[in-house]
Amino acid sequence: MESILVTGGAGYIGSHTVLELLLAKFNVIVVDNFSNSSRISLDRVAALSGSSVTIVEGDLRDQDRLDEIFLNFDIRTVIHFAGLKSVSESVSDPILYYENNVVATFNLLTAMKYHGIKEIVFSSSATVYGVPVTLPLLEDMTSAEQTNPYGRSKYMIEGMLSDLYKSDSDWGIVILRYFNPVGAHPSGMIGEDSKGIPNNLMPYVAQTAIGKLAEVKIFGNNYDTPDGTGVRDYIHVVDLAKGHLAAVNMCQKNTGLERINLGTGLGVSVLELITAFSRVNKVNVPFSVVDRRPGDVATSVAGVKKAREMLGWSTSLNLEDMCRDSWNWQSLNPGGYKN
Ligand code: NAD
Ligand code: UFG
């Protein structure tokens, strides 16, 4: 039976996407090295969906392992999430990022080409836009000036995919540029299991509300934004996961290469997010303002017309849903998947 191969399927966005794929009756194979995830996420996905998922433990840096997977399973389409995603870690260890993101993707594409599999959905990021010049960010505005090795790795992979498509127009390639994924499945059974102290705002807010962290440090309140704090386009991970089903559908129907933003098109400031989180969940979130974080931009908001027109997809969950579901996951799983 034809399957979808999901690389990094045990991770935060991957597990939510695998759940949606199973609910839509796709056959799913996950390959993951579990470097930043737990098998428990997939046990819970199986329980939620009432279906099973085939799990292959493997590292995309291992070409032989990839070849084995393509030989053993009848794979039609690949959704490629696997990779590392910490901006600060990429600055301190760039080689690790080029190896896990660029080399691993090179291996995956090599195996796909060899086995004649030509449909891929790739996880890119709004980070490829660098410092925004005009807003909202539209898909043809890509900058070559990413501010860190993580961003550069995504930009390099986008270039690799584009060259591949130019060499062979039988490929169907959808590059999805995520804005700021937050929230969790409403069941509270799967969510983001950050290792150590979170870098991102929403998990930091949730861990402050539960008392693990003392207060949220707002990185600057002197930006050129309505309240001076940074503005982002937060997207609920369940909406994001559903965007991948639309992308799979698109690359199974057409050949071509498209870069598509996945966001809501709405900007939310740090202060607005903290206020909404406290109000919706009736919890106290202490905060103070500190210096700007180097490398942060004032505002990042997606243009969403292309996603609507080409994928027939748009978001349906709002900031309240994101805050409620993040808190539900955090309070039901205070130690992540370890409890
Ligand atoms: P995640 O860390 O939760 O998931 C990534 C998964 O890939 C993990 O399960 C990890 O174990 C696995 N993995 C990493 N390196 C691997 C390798 N060499 N071989 C096999 N498996 C490997 O991250 P996520 O938040 O789910 O992100 C998924 C993708 O989306 C990543 O490519 C990330 O860069 C991209 N993205 C994420 C965000 C975000 O804010 N979460 C934003 C934009 C883009
Ligand atoms: N922020 C704080 N305090 C914190 C954490 C964040 O004030 O403790 C602020 C940031 O300054 C920013 C906003 O909250 O204004 C969002 O920050 P996040 O770290 O949650 O998200 P970023 O937009 O900085 O980063 C995200 C992804 C990166 C990606 C980047 C650019 O996490 O992987 O978008 O697309 F590179």
Whenever you get a sec, compute what percent of the accessible area on the chain sits on carbon and sulfur atoms (1.4 Å probe).
52
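Which whole-number percent gives the relative contact order of the chain, counting Cα pairs below 8 Å spaced six or more residues apart?
Numbers: 678 pairs, mean separation 65.2, N = 339.
Reported as a whole number, the value is 19 percent.
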Could you list, in their original order, any pairs among LYS25/LYS212; LYS118/LYS242; LYS113/LYS338 whose Cα atoms are separated by more than 31 Å?
LYS25/LYS212; LYS113/LYS338
Kindly provide the trypsin sites (Lys or Arg not before Pro) of the range 272-314 that DSSP labels as loop, not H, G, I, E or B, and whose Cβ sees at most 12 other Cβ atoms within 10 Å.
LYS282
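Can you figure out the FRET efficiency of ASP43 with ASN199, using R₀ = 22 Å and their beta-carbon distance, to the nearest 0.05? Each step should come with its number before you reach the end.
Details: r = 27 Å, r/R0 = 1.22.
For ASP43 and ASN199, the calculated efficiency is 0.25.
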In a solvent-free Debye calculation with one equal scatterer on each Cα, what is log10 I(q)/I(0) for the chain at q = 0.10, 0.13 Å⁻¹, listed in the order of the q values?
-0.56, -0.98
Are there trypsin sites (Lys or Arg not before Pro) in the range 20-113 that DSSP marks as loop and that have at most 12 other Cβ atoms within 10 Å, and which are they?
LYS25
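Taking the Cα centre of the range 91-246 as the origin, how large is its charge dipole in debye, to the nearest 20, when only Lys and Arg (+1) and Asp and Glu (-1) carry charge on their Cβ atoms? Please report the intermediate quantities before stating the final value.
Details: 11 positive and 17 negative charges, 58 e Å.
So the dipole magnitude of the range 91-246 works out to roughly 280 debye.
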Starting at the first residue of the range 38-50, write each ³J(HN,Hα) from the Karplus equation 6.51 cos²θ - 1.76 cosθ + 1.60 with θ = phi - 60°, in whole Hz, x for Gly and Pro.
10, 4, 4, 4, 6, 4, 6, 4, 4, 5, 5, 8, x
Label the range 210-339 by shape, choosing from rounded, prolate and oblate, from the square roots a ≥ b ≥ c of the eigenvalues of the Cα gyration tensor; if a/c is under 1.5 it is rounded, and otherwise prolate applies when a/b is larger than b/c, oblate when it is not.
oblate
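Between rounded, prolate and oblate, where does the range 287-339 land on the alpha carbon gyration tensor, with a ≥ b ≥ c its root eigenvalues, rounded for a/c under 1.5, else prolate if a/b exceeds b/c? Numbers along the way, then the final one.
Values: a/c = 2.55, a/b = 1.21, b/c = 2.11.
The shape class here is oblate.
Rounded to the nearest whole Å², what accessible area per residue is found for the chain with the 1.4 Å probe? Let's see the in-between values first.
Values: 14530 Å² over 339 residues.
That works out to 43 Å² per residue.
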In terms of the charge dipole of the chain, which places +1 on Lys and Arg and -1 on Asp and Glu at the beta carbon, the residue among PRO132, MET156, ASN100 farthest towards the positive end is PRO132
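Anything over 31 Å Cα to Cα? Flag those among LYS217/LYS305; LYS85/LYS305; LYS195/LYS282, in the order listed. Don't skip to the answer; put the middle values down first.
Numbers: LYS217/LYS305 34 Å; LYS85/LYS305 26 Å; LYS195/LYS282 26 Å.
Over 31 Å Cα-Cα: LYS217/LYS305.
Rounded to the nearest 20 debye, what is the charge dipole size of the chain about its Cα centre when +1 sits on each Lys and Arg Cβ and -1 on each Asp and Glu Cβ? Intermediate values should be presented prior to the final figure.
Details: 29 positive and 37 negative charges, 121 e Å.
Dipole size: approximately 580 debye.
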Taking +1 at the Cβ of each Lys and Arg and -1 at the Cβ of each Asp and Glu, which of TYR337, GLY256, VAL283 sits farthest along the dipole of the chain towards its positive end, judged by Cα position relative to the Cα centre?
VAL283
Centroid-to-centroid separation of the range 165-225 and the range 32-103 [C-alpha atoms, Å]:
18
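For the range 4-113, what is the charge dipole size about the Cα centre, in debye to the nearest 20, if Lys and Arg each add +1 at the Cβ and Asp and Glu each add -1 at the Cβ? It would help to have the intermediate numbers written out before the result.
Working: 8 positive and 13 negative charges, 79 e Å.
Computed charge dipole of the range 4-113: roughly 380 debye.
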Dipole of the range 1-122, positive end: most advanced residue of GLY14, ILE55, PHE26 [Cβ charges, Cα centre]
PHE26
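The values are calculated or read from the model by the stated rules, or taken from the named source; none is laboratory data. Computed from a predicted structure; not experimentally measured. In this analysis, Cβ positions are derived from the backbone assuming ideal geometry, glycine residues included, and neighbour counts consider all displayed protein chains. Protein only, heavy atoms only, side chains kept; ligands, DNA and RNA dropped before computing areas. Shrake-Rupley method; radii C 1.70, N 1.55, O 1.52, S 1.80 Å.
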